[in-house]
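The values are calculated or read from the model by the stated rules, or taken from the named source; none is laboratory data. Just so it is clear, the structure is predicted and the values come from calculations on it, not from any experiment. Cβ coordinates were reconstructed from backbone atoms using ideal geometry, including for glycine residues, and neighbour counts include every protein chain displayed. We work out accessible area using only protein heavy atoms, side chains counted, and drop any ligands, DNA or RNA first. Shrake-Rupley method; radii C 1.70, N 1.55, O 1.52, S 1.80 Å.
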Amino acid sequence: MDDTKFGTRNKRGDYSPNEPLVHAPLFRFPPNPGALLKWLPHYFLPWNLIWLASAAAWWVWVVPDAAEMQTLQWGWVLWLLAVNCVAVFVFYGALELHLYVRRAQGNRFKYNAKWPAEHKSAAFMFRSQAIDSMIRAFGTGVPIWTAWEVLVLWAWANGYGPWVSLDQHPWLLVAVWLVLPVIHEFHFFVIHRLIHTPFLYKWVHSVHHNSVNPSPWSSLSMHPVEHLLYFATAAYHFILPSHPLLAIYQLHYAGFGAVVGHTGFDKLELGEDRVIDSHAYAHYLHHKFFEVNYGDGLIPLDKWFGTWHDGTKDGDAAMNARYQKTKAKANAKAAKSA
């Protein structure tokens, strides 16, 4: 497919889409019902329905009986860990293999023209971004993901929390499912701003930002503290009327959904004339510029806090003006204390 129909390349070969990034119309004032109805299919398709399907598969075929989960035992805990590890290896690995090892799509729709494997760095274990990311994913990422899953399931099995039945409250649980992505976005933005504070950035979040040119395995390339905070999105189910199926969905939204924002490609080709939008550009710009797009645009939090970058030259100008203002304040403070 000719990607220049949808975007342009600079002199380095980096790709950017023609259309500027826009926030979802959920929180637009005054409301625009037409825009909302036009956008709604993108809210569900394809990713949210995929994570719901995967959560349902876990609930039916993976999660043990409630009686077994009433007691914390290594058998069922390690079973969940093993399944999660296999699923991450298959899903992350398939995308990495297709896009970055086989390079089946070439550099069509690829934001950064460089390939991480061709640029070794001492910032990574074994000087390899992919190896470093895999070690972090399976070393602490999936275990902490599973720990939150185990906590939720154990609490449900023992009646701790405001759990409700699928049979008795189906429409309530549908409503909860619809707002879970919004809750995730809010949680992600808050913890993301937190770990960008100087101390936590240096000792925690800088690990993730070593992947300036992210690929699928970069998704869980995090410090264990960031893993703990990131998957704490499951904790909302201890205060919401919910069901463990939805808690698993939210963990899948965070765990598998992270790959979508780290593909490094604007669109994934499904043939010669079909593509899926990755919606990865906002987060790619965060990896590129560090201090923009702390969220993904579902809630206009970045716009409200002045850190939104829409991928245009105007976005560059606003970002640079913000940098200069911050720099001037720092210089003034240093001069005053001298």
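So, counting K/R as plus one and D/E as minus one, what does the shell of residues with Cβ under 15 Å around Thr197 add up to? Working shown, then result.
Numbers: positive: Arg193, Lys202; negative: Glu226, Glu291.
Summing Lys/Arg as +1 and Asp/Glu as -1 gives 0.
Express the carbon and sulfur contribution to the solvent-accessible surface of the chain as a percent, rounded to the nearest whole number, probe 1.4 angstrom. Show your work: numbers first, answer last.
Numbers: 11120 of 16980 Å².
Taking all protein chains in place, the chain shows 65 percent carbon and sulfur surface.
Relative contact order for the stretch 1-144: what percent, with Cα pairs under 8 Å and sequence separation of 6 or more? Please report the intermediate quantities before stating the final value.
Values: 72 pairs, mean separation 36.6, N = 144.
Relative CO of the stretch 1-144 lands at 25 percent.
Would you mind working out the accessible area per residue for the stretch 1-58, using a 1.4 Å probe, and quoting it in Å²? Can you show the working numbers first?
Values: 3780 Å² over 58 residues.
The answer is 65 Å² per residue.
Among 172-180, 221-229, how do they line up from the highest to the lowest mean number of other beta-carbon atoms within 10 Å?
Values: 172-180: 15.3, 221-229: 20.7.
Peptide ranking by packing, descending: 221-229, 172-180.
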- Item | the stretch 71-175: Rg to Rh, with Rh as the Kirkwood radius over Cα pairs | 1.14
- Residue-normalised accessible area of the stretch 194-251, given per residue in Å² at a 1.4 Å probe: 32
- Given the pairs Lys288/Lys333; Lys5/Lys288; Lys120/Lys288; Lys110/Lys303, which are separated by over 20 angstrom at their Cα positions? Lys288/Lys333; Lys5/Lys288; Lys110/Lys303
- Ellipticity estimate at 222 nm from DSSP helix runs (n ≥ 4, -39,500 (n - 2.57)) divided over the chain, nearest 500: -15000 deg cm²/dmol
- Message: Using amide H atoms built in the peptide plane, which far-off residues or other-chain residues are under 5 Å from Met222 H to H?
- Response: none
- When you count, for each residue, the other Cβ atoms within 10 Å and take the mean per peptide, how do 52-59, 284-291, 11-18 rank with the highest first? 284-291, 52-59, 11-18
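Can you tell me how the stretch 211-281 classifies by the Cα gyration tensor, rounded, prolate or oblate, using a/c under 1.5 as the rounded cut? All intermediate terms of the calculation are to be shown ahead of the outcome.
On the way: a/c = 3.78, a/b = 1.57, b/c = 2.40.
Oblate.
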